[in-house]
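The values are calculated or read from the model by the stated rules, or taken from the named source; none is laboratory data. This structure is a prediction, so every number in the text was calculated from the model and none was measured. In this analysis, Cβ positions are derived from the backbone assuming ideal geometry, glycine residues included, and neighbour counts consider all displayed protein chains. Just so you know, the surface numbers come from the protein's heavy atoms only, side chains and all, with ligands and any DNA or RNA stripped out. Shrake-Rupley method; radii C 1.70, N 1.55, O 1.52, S 1.80 Å.
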Amino acid sequence: MTHQPHPEATSPATDYNPIRIRDAVRRLLDADELPPIVQAGHPVLRQLAAPYDGQVDDAELAAFIERMRDVMHDAPGVGLAAPQLGIPLQLAVLEDKYPVDPESAAVRHREPLEFFAVINPQYRPLGSETASFFEGCLSVSGYQAVVTRHRNVELRYTSPAGEPTEAWFSGWQARIVQHETDHLHGVLYLDRAELRSLSSNAEHSARWSAPEIDEARRALGFLR
């Protein structure tokens, strides 16, 4: 069984046709500057992105993936989906090699994630174990909130080389996989968040940056 989008966030498929998608990618690649990251409120973030089926050729796809990687690094972030650049296509890039203090890494089961790109991904939980931590999004700038996600998932996707691929992820890597795959189905992390935990980045840094969420849970009154 594949994971289904959050029922309250499910949106109709985009009406962008292949030519529009191709032209949008080409405009992005022709630009001298990195494109801005689309913010919450833009309808592209609430649409079911179009499955990739050759809307751009192999060279354009490779160049687009590299441009997405550049935007992700510049942000900086650990993942970026094509809709976040205004392109309603089921494509995302992921990478997490930022230094993290050992305590946080241990509590959050956060290990380095080498760069890779996914096309038309779907994930499903492996087991029933979940984990709850603060999470942010480059398209919801300035805020974080606690999200409960599957601790272990299987991801099925097509690689940029056109190869069907299956991989298992756990801990923080699984969180990144779920977050980016959700983007391609019109789902933002806020749809799954404990909204009483919603915090500005400044408040999160000042009060809730501990590896665990226990203090925030008690003080803000979520996940009682």
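Count of the range 158-173 residues, restricted to those that are farther than 22 Å from residue 109 by Cβ, open to solvent by less than 50 Å² (accessible area, probe 1.4 Å) and in a strand (DSSP E or B), is 2. Do we have any residue at all in the range 174-192 that's of a type outside the set (A, V, I, L, M), surrounded by 15 or more Cβ atoms within 10 Å (Cβ to Cβ) and either at pLDDT below 95 or more than 15 Å from the chain's Cα centre (by Cα) (or both)? No - not one qualifying residue is present in the range 174-192. Does residue 100 satisfy the condition of being more than 30 Å from residue 22 (Cα to Cα), modelled with pLDDT under 95 and among the β-branched types (Val, Ile, Thr)? Spelling it out, residue 100 is indeed more than 30 Å from residue 22 (Cα to Cα), modelled with pLDDT under 95 and among the β-branched types (Val, Ile, Thr).
Yes/no per residue for (1) in a strand (DSSP E or B); (2) of a type outside the set (A, V, I, L, M); (3) touching a strand residue (DSSP E or B) at 6+ places or on another chain (Cβ under 7 Å); (4) open to solvent by 10 Å² or more (accessible area, probe 1.4 Å):
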{"site": "107", "(1), (2), (3), (4)": "no, no, no, yes"}
{"site": "111", "(1), (2), (3), (4)": "no, yes, no, yes"}
{"site": "115", "(1), (2), (3), (4)": "yes, yes, yes, yes"}
{"site": "120", "(1), (2), (3), (4)": "yes, yes, yes, yes"}
{"site": "124", "(1), (2), (3), (4)": "yes, yes, yes, yes"}
{"site": "127", "(1), (2), (3), (4)": "no, yes, yes, yes"}
{"site": "132", "(1), (2), (3), (4)": "yes, yes, yes, yes"}
{"site": "138", "(1), (2), (3), (4)": "no, no, yes, yes"}
{"site": "145", "(1), (2), (3), (4)": "yes, no, yes, no"}
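Checked across the range 78-85, the condition of being open to solvent by 10 Å² or more (accessible area, probe 1.4 Å), touching a Pro at 6+ places or on another chain (Cβ under 7 Å) and not in a strand (DSSP E or B) holds for at least one residue.
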